[in-house]
Amino acid sequence: MSALPIDLTLAYDSFPALLHGLMMTVLITFVSLCCGLVLAFPICFARMSERIWVHRLAETFIVFFRGAPVLILLYLVYYGFGQIEALRNGPLWLLFGSAFGCAIVAFSLNHAAFMAEVLRGALLAVPAGIVEASQALGISPRNVFLYVRMPLAMRYGLPAYQNEVVSFIKGTAIVSVITITDLTAVANGIFEQTYDPFTPILCAAALYWAFVNAIRLGFRLWGDYLDRHNAEEPVARPAALKGKPPIRIGKEVL
């Protein structure tokens, strides 16, 4: 069985263009993640509100934007909003008049819907006893949230947040349908010019893999930092037992 026809020369010549496309993918990813995370906090608090109408509005937002495919959102924002005359003549056209701005809006709304539920789950996972104990010590509700509840919620929600970010990065590959030249668009352009499907697509896949795993490494380091106080420390062996065979007591060895 012959090897795949990968052209190393084409891969080398295409690398600058692919790297430029990767930079666009990275830019869209981080801007959308930041905007979506900012939006997710008020939506999460509204979802947890005791006021029924506020709760229902947040729930409706989450259900719609979690259920709607991102491709449909891109088409709706890019092609649909341009048909609204009031929007075309207003200041918001500075945002919706460009493909990049439309992509940021669509991806941010989608990410905000998912992150609102991640945040809500993480906040609800914080043991009620810890919050009650903090309140019993006279700590203000604001400080309880900032210094007790939120740090614990970050630890509980980090794995789910990592999965959402990784899925989000791979989902940005569809942004080329609204004329943005991202990594996938560059790879498709090289394929259309050379009729070589393997070299540009595999190179793009390798760059996506490197980007995703760099993010995963960052999350792992972040998780290690948050759990640094849980690191196991070696148990000092009593002086009377030095020089004698080790004794196992439960999970500890003396």
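Taking the range 177-193 only, how many residues are part of a helix (DSSP H, G or I), within 19 Å of Ile72 (Cβ to Cβ), more than 20 Å from the chain's Cα centre (by Cα) and not aliphatic (A, V, I, L, M)? I'd like the intermediate steps shown before the answer.
Narrowing the range 177-193 to residues part of a helix (DSSP H, G or I): 177-178, 183-193.
Still in the list and also within 19 Å of Ile72 (Cβ to Cβ): 177-178, 184.
From what's left, more than 20 Å from the chain's Cα centre (by Cα): 177-178.
Still in the list and also not aliphatic (A, V, I, L, M): none.
Here the count works out to 0.
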**Message:** Restricting to the range 29-60, name every residue that is in contact with a helix residue (DSSP H, G or I) (Cβ under 7 Å, 6 or more places away or on another chain) and closer than 30 Å to Thr184 by Cα.
**Reply:** Thr29, Val31, Ser32, Leu33, Cys35, Gly36, Leu37, Leu39, Ala40
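Residue-by-condition table, conditions (1) more than 30 Å from Glu50 (Cβ to Cβ); (2) touching a residue at least 60 places away in the same chain (Cβ under 8 Å); (3) surrounded by 13 or more Cβ atoms within 10 Å (Cβ to Cβ); (4) not hydrophobic (A, V, I, L, M, F, W, C):
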residue	(1), (2), (3), (4)
Glu85	yes, no, no, yes
Leu94	yes, no, no, no
Cys102	yes, yes, yes, no
Ile169	yes, yes, yes, no
**Asked** Quick one: which of Tyr75, Tyr79 is out of contact with any Asp or Glu (no Cβ under 7 Å at 6 or more places or on another chain), hydroxyl-bearing (Ser, Thr, Tyr), closer than 28 Å to Arg56 by Cα and assigned to a helix (DSSP H, G or I)?
**Response** Tyr75
**Prompt:** Taking the range 125-156 only, how many residues are touching a residue at least 60 places away in the same chain (Cβ under 8 Å) and either more than 24 Å from Tyr225 (Cβ to Cβ) or of a type in the set (A, V, I, L, M, F, W, C) (or both)?
**Reply:** 1
**Asked** Could you count how many residues in the range 26-48 are free of Cβ contacts under 8 Å to residues at least 12 places away in the same chain and not in a helix (DSSP H, G or I)?
**Response** 0
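Is it true that Pro234 is more than 16 Å from Met24 (Cβ to Cβ) and modelled with pLDDT under 90? Reasoning before the result, please.
Working: more than 16 Å from Met24 (Cβ to Cβ): yes; modelled with pLDDT under 90: yes.
Spelling it out, Pro234 is indeed more than 16 Å from Met24 (Cβ to Cβ) and modelled with pLDDT under 90.
From Val144, Val165, Val118, Val148, grab the single residue that is in contact with a Ser or Thr (Cβ under 9 Å, 6 or more places away or on another chain), part of a helix (DSSP H, G or I) and closer than 23 Å to Gly67 by Cα. Steps first, please.
Numbers: Val144 fails: closer than 23 Å to Gly67 by Cα; Val118 fails: in contact with a Ser or Thr (Cβ under 9 Å, 6 or more places away or on another chain); Val148 fails: closer than 23 Å to Gly67 by Cα.
None of the others qualify; the one that does is Val165.
The values are calculated or read from the model by the stated rules, or taken from the named source; none is laboratory data. If you're wondering where the values come from, they're calculated on a predicted model, not measured in any experiment. With ideal geometry, Cβ positions are generated from the backbone for all residues, glycine too; neighbour counts draw on all protein chains shown.
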